[in-house]
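The values are calculated or read from the model by the stated rules, or taken from the named source; none is laboratory data. A quick note: this is a predicted structure, and the numbers were derived from the prediction, not measured. Heads up, the Cβs are rebuilt from the backbone with ideal geometry, glycines too, and the neighbour counts pull from every protein chain shown.
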Amino acid sequence: MPSGVEWAFRFASETCRSPVAAVSRWKWLSGRKAAGCIPIYVPEEVLHAAGMLPVTIWGNEFPPSPYGGVPPFVCSVAAGVVSAIRSGNWGEIDAWIFPSTCDTFQNAFEALFPPEDGRSRFPFVFPATADTHGAAEYMLDRVEAFREWAGEVSGRAVSEGALERSIRVYNENRRIFALLEERMTESPGSFSGMEFLTLSRAGMILPKEGHTEILRAALSRQGDASGNVRAKMFVTGIMATPSVMEAMDAAGAAIVGNDLALGHRYYSGSPEEEGDMPLSLARRHLRRDPCSTLHGSVRPRIEEVLRNVARSGADRLLLLRMRQCEPEAGDIPDIASASRDRGIPFLCLDVDLHAEERASAKVRIEAFVEMGE
Ligand code: SF4
């Protein structure tokens with residue numbers, strides 16, 4: 001009989017290895033629908049309240065299809081998502097939500113979505129900036145439209161009470177995820193990079209109630225792994241791949257903080273649990289951490305990253321640059337120079353979900369860890 005900790009990692013790893021099987025199992029057991037969410041700012045509580053399973057799709061769930069028909073200039077996240085849809089790989093998904101996170105999805109998804117695919121789609125267009133006049137009213141209007149759409153797709157209207165319960169479920173999940181991140185800061189090496197990636201990713205596939213149980217079980221692990229730690233890393237960017245995490249683990253680099261989209265950025269920020277629920281979700285969106293793919297400008301993001309680097313006690317900053325991601329690319333020179341000005345060793349490593357350079361990631365991370373040892 002596996003211990004709670006073993007069970008947690010085994011279940012989370014299996015979910016990450018076969019997300020389609022996990023979604024399919026949930027649908028079979030519940031008899032309900034699943035909604036595909038393009039990362040990372042969909043207010044999932046609305047889908048949860050409608051009885052659906054929100055599933056975040058990152059584009060690396062299937063090998064890229066040669067018949068995907070995706071133009072070569074889009075990033076590998078968008079290419080992977082669109083190619084999987086066009087190849088009919090995500091048949092378990094009943095409806096799609098495409099937020100206006102970046103130009104690729106804002107402008108291209110209608111053109112790239114297969115015309116014969118009749119599944120319902122909600123283009124969630126966010127206000128361009130959080131502090132312009134009317135942003136809150138506009139966002140509230142979009143949340144209400146989304147609520148109505150989710151009710152129609154699922155056949156279950158989203159009541160205020162259901163939304164309140166879902167917000168509590170999500171907030172509890174965020175609270176426990178924050179404990180995981182806290183443990184990684186206070187006790188470097190307590191969770192490996194690969195374990196962190198697995199736990200983060202599993203929570204974007206599984207129902208949040210189950211994921212919270214997995215996190216609790218993982219957090220019950222005791223022990224001190226600090227003896228093996230050679231470097232304390234803050235990791236920023238869209239996402240890490242398993243190869244990057246394996247290279248960090250092998251080099252003795254402990255993640256003590258991150259603002260990864262597939263990580264802290266997804267799980268941070270809680271809506272209020274009192275008052276008007278749609279308004280609470282609208283407010284949460286407008287108060288999200290600065291992000292170059294959202295409404296923030298470059299400076300606040302960099303200041304926030306550097307504040308968090310200092311707070312985490314990291315001695316190095318690793319930026320994982322998703323190839324052809326325009327919004328994040330704009331931040332890189334400023335992050336590099338701000339990091340240099342503060343004397344923080346900095347490395348920018350390219351990530352491409354479909355052209356992994358495992359050996360080069362390993363060599364560069366090993367060299368980065370050796371710097372200043
Ligand atoms: S990685 Fe960048 S360009 Fe690609 S979908 Fe995400 S925000 Fe858009």
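The set of residues in the range 100-139 being among the hydrophobic types (A, V, I, L, M, F, W, C), more than 16 Å from the ligand (Cβ to nearest atom) and either in the same structural domain as residue 276 (by TED's automatic domain parsing) or assigned to a helix (DSSP H, G or I) (or both) consists of 135, 136, 139. Restricting attention to the range 258-274, the residues being of a type in the set (Ser, Thr, Tyr) and within 16 Å of the ligand (Cβ to nearest atom) number 1.
Residue-wise test of (1) surrounded by fewer than 15 Cβ atoms within 10 Å (Cβ to Cβ); (2) assigned to a loop (DSSP other than H, G, I, E, B); (3) free of Cβ contacts under 8 Å to residues at least 60 places away in the same chain; (4) touching a Leu at 6+ places or on another chain (Cβ under 8 Å).
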{"position": "240", "(1), (2), (3), (4)": "no, yes, no, yes"}
{"position": "245", "(1), (2), (3), (4)": "no, no, yes, yes"}
{"position": "288", "(1), (2), (3), (4)": "no, yes, no, yes"}
{"position": "291", "(1), (2), (3), (4)": "no, yes, yes, no"}
{"position": "294", "(1), (2), (3), (4)": "no, yes, no, no"}
{"position": "320", "(1), (2), (3), (4)": "no, no, no, yes"}
{"position": "324", "(1), (2), (3), (4)": "no, yes, no, no"}
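Checked against (1) within 16 Å of the ligand (Cβ to nearest atom); (2) touching an Asp or Glu at 6+ places or on another chain (Cβ under 9 Å), residue 302 meets all criteria but (1). Return yes or no: is residue 277 within 13 Å of the ligand (Cβ to nearest atom), assigned by TED's automatic domain parsing to the domain that holds residue 344 and surrounded by 18 or more Cβ atoms within 10 Å (Cβ to Cβ)? Answer is no for this residue.
One residue stands out among those in the range 1-50 that are in a loop (DSSP other than H, G, I, E, B) and more than 18 Å from the chain's Cα centre (by Cα): the one that is surrounded by the most Cβ atoms within 10 Å (Cβ to Cβ), which is 50.
Within the range 71-85, residues that are touching a residue at least 60 places away in the same chain (Cβ under 8 Å) sit with their Cβ atoms under 7 Å from residues that are in a helix (DSSP H, G or I), at 6+ positions apart or across chains, in these pairs: 74/104; 74/108; 75/104. For the range 49-86, a residue qualifies if it is of a type in the set (Ser, Thr, Tyr) and in contact with a helix residue (DSSP H, G or I) (Cβ under 7 Å, 6 or more places away or on another chain), and exactly one does: 65.
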